[in-house]
1. Give just the number: which of (1) within 14 Å of another protein chain (Cβ to nearest Cβ); (2) touching a helix residue (DSSP H, G or I) at 6+ places or on another chain (Cβ under 6 Å) does residue B:275 not satisfy?
2. Hand me the list of strands (runs of 3 or more DSSP E) wholly inside segment B:242-356 holding 2 or more residues that are farther than 30 Å from residue B:231 by Cα.
3. Based on what the data block shows, is residue A:46 more than 10 Å from chain C (Cβ to nearest Cβ) and touching a helix residue (DSSP H, G or I) at 6+ places or on another chain (Cβ under 9 Å)?
4. For segment A:49-64, name all the residues that are touching a strand residue (DSSP E or B) at 6+ places or on another chain (Cβ under 9 Å), more than 7 Å from every other protein chain (Cβ to nearest Cβ) and outside any loop (DSSP other than H, G, I, E, B).
5. Say whether the condition of being surrounded by fewer than 18 Cβ atoms within 10 Å (Cβ to Cβ), in the same structural domain as residue B:180 (by TED's automatic domain parsing) and at pLDDT 95 or above is met by at least one residue in segment B:91-109.
6. Inside segment B:35-146, counting only helices (runs of 4 or more DSSP H) that do not spill past its ends, which hold 2 or more residues that are touching a helix residue (DSSP H, G or I) at 6+ places or on another chain (Cβ under 7 Å) and closer than 20 Å to residue B:187 by Cα?
7. Residues B:43, B:39, B:51: which one is surrounded by 24 or more Cβ atoms within 10 Å (Cβ to Cβ) and touching a residue at least 12 places away in the same chain (Cβ under 8 Å)?
8. Considering only segment C:192-225, state which residues are within 14 Å of chain A (Cβ to nearest Cβ) and touching a residue at least 24 places away in the same chain (Cβ under 8 Å).
């Protein structure tokens with residue numbers, strides 16, 4: 001088992017939705033608000049369901065996503 | 001060092017080696033092929049690289065990449081090939097990289113011919129490619145001077161981080177004369193902290209670039225280039241004056257044409273005509289002051305070129321209306337004879353000269 | 001907590017200027033990750049193209065040279081021949097590499113220059129506003145083929161990997177795609193292999209990456225993934241076209 005933390009740097013996000021499209025759990029949504037560039041940034045809606053597969057980060061063209069993991073013994 | 005008898009084109013190559021140049025990228029074209037042939041033999045012997053590119057366009061871009069790493073590098077071609085290189089030359093000038101480009105001129109336009117010519121003067125001295133820039137243009141008139149100017153050319157290129165062109169004609173490239181290469185030099189004393197050789201622990205990456213999308217930034221860059229060009233203009237002009245002190249008719253000519261003009265002047269002197277030769281060695285920057293100094297006693301200036309009249313514009317600009325300027329030229333690979341130049345001197349002397 | 005995914009060191013902090021959903025960002029990241037993993041950042045010189053990736057030198061935290069349109073392989077040659085210890089890569093689009101720079105890429109491969117080429121094929125000229133590229137598919141609409149590319153008028157799209165594979169000098173040629181996570185991983189493996197071969201002095205390597213230009217394709221980024229998968233991959237099959245074992 002591992003604990004995963006996925007953080008989105010919203011100010012880098014251009015709202016392309018490639019992360020949302022890639023997420024196998026369907027837990028990435030576009031925010032209702034806009035960032036400084038005028039895009040609806042992506043965000044995690046149910047972080048507890050995240051398995052840390054990293055697909056979102058792999059597909060993100062703008063390095064919005066950072067993933068941290070902690071092994072739980 | 002003792003003198004050796006060598007062909008002009010080969011001397012360019014050996015002089016480059018003596019100046020520490022170990023890299024040459026080129027493409028064959030008449031009448032300069034002896035130079036790449038010579039270097040393809042010599043450079044591997046001393047751990048250098050001779051590489052024949054797929055085109056002149058590729059060759060000059062290899063020079064661009066090599067120059068960016070801070071080494072001494074050279075390429076050579078002849079007129080149509082130099083036209084192809086203009087894209088890369090503009091980038092090299094814009095990115096402020098040092099290198100030597102040799103143009104052994106032949107007749108044009110288009111495919112033209114393969115006989116000697118001086119019809120690329122405009123292209124060489126006005127930048128040649130797109131944008132506001134200048135090459136330092138050196139015009140040797142003897143095999144010995146080729147050796148001296150190639151060496152000096154590398155130093156100038158590195159001092160100002162600017163491309164240097166050696167501008168000669170087929171005659172100069174083909175002829176054999178004794179030459180003394182003097183002491184060997186290198187570019188080691190010049191600052192190379194800008195070179196793109198990998199960061200190697202450097203904090204900031206080096207970038208070689210000529211793109212400035214913001215007009216404000218490009219203007220600053222252009223102004224900095226301008227400052228450099230003005231400095232070169234004020235410090236680096238070179239010229240030779242032959243019997244000009246009392247000359248009423250001064251013949252302005254460069255390269256091989258200047259040597260023929262000297263013979264014509266000797267003939268004129270024998271007939272009592274006070275004539276002299278002004279020979280610019282730097283075509284850019286043009287030796288304006290030197291020309292004015294060489295024509296203090298003159299009543300008229302005759303410009304002689306193997307072209308329809310290109311340098312004559314710089315002669316006129318330099319004299320700024322102070323003296324009448326006339327032109328005599330042969331084109332298409334035809335070379336002016338000393339006799340023909342002498343006749344022109346005589347005609348001008350009768351027209352403008354006070355005393356016989 | 002251990003960071004398992006973040007911005008690679010070989011990228012600067014600069015924000016990409018690319019359009020939303022443009023794959024240049026993914027490919028930049030993959031190259032930078034490979035440079036990090038192979039420990040090459042400090043000895044790498046990148047050659048930037050003319051095209052959308054013209055500012056690559058602002059993004060890669062390595063020494064960089066901006067080349068004229070199509071000339072990157074010649075510039076890379078100049079660097080590598082004078083400084084054989086550097087790791088040299090060019091990053092080029094399809095207009096740059098497969099149109100105006102065709103001579104330079106073919107001859108760099110023929111000479112087996114020990115360089116790595118990252119070739120981004122998005123079947124269109126992006127920066128100049130979506131004109132027809134040498135890789136534009138038959139029937140594909142662009143601003144200069146408004147009714148769709150017709151072979152009678154402009155011939156057929158160029159398959160660069162297949163073309164270069166005929167050259168004994170080409171050591172490693174692979175075509176990959178970044179339209180889904182699995183293919184992103186495979187692209188990274190190919191890029192890593194290409195750089196590894198350069199480190200070993202094995203000669204010319206090129207990775208062609210099929211990528212999306214949603215803006216000029218007039219598609220949403222997610223829809224553009226399907227265009228790669230269904231249309232581009234149909235004409236430009238993925239795979240390895242030359243392995244170091246078969247080279248020469």
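1. Residue B:275 satisfies all of (1) within 14 Å of another protein chain (Cβ to nearest Cβ); (2) touching a helix residue (DSSP H, G or I) at 6+ places or on another chain (Cβ under 6 Å) except (1).
2. B:325-329
3. Details: more than 10 Å from chain C (Cβ to nearest Cβ): yes; touching a helix residue (DSSP H, G or I) at 6+ places or on another chain (Cβ under 9 Å): no.
Considered against the rule, which asks whether it is more than 10 Å from chain C (Cβ to nearest Cβ) and touching a helix residue (DSSP H, G or I) at 6+ places or on another chain (Cβ under 9 Å), residue A:46 comes out as no.
4. Result: A:56, single match.
5. yes
6. The helices (runs of 4 or more DSSP H) meeting that bar are B:56-68.
7. B:39
8. C:209, C:211, C:212, C:213, C:214, C:215, C:217, C:220, C:221, C:222, C:224, C:225, listed by residue number.
The values are calculated or read from the model by the stated rules, or taken from the named source; none is laboratory data. Because the structure is predicted, anything quoted here is derived from the model rather than measured. With ideal geometry, Cβ positions are generated from the backbone for all residues, glycine too; neighbour counts draw on all protein chains shown.
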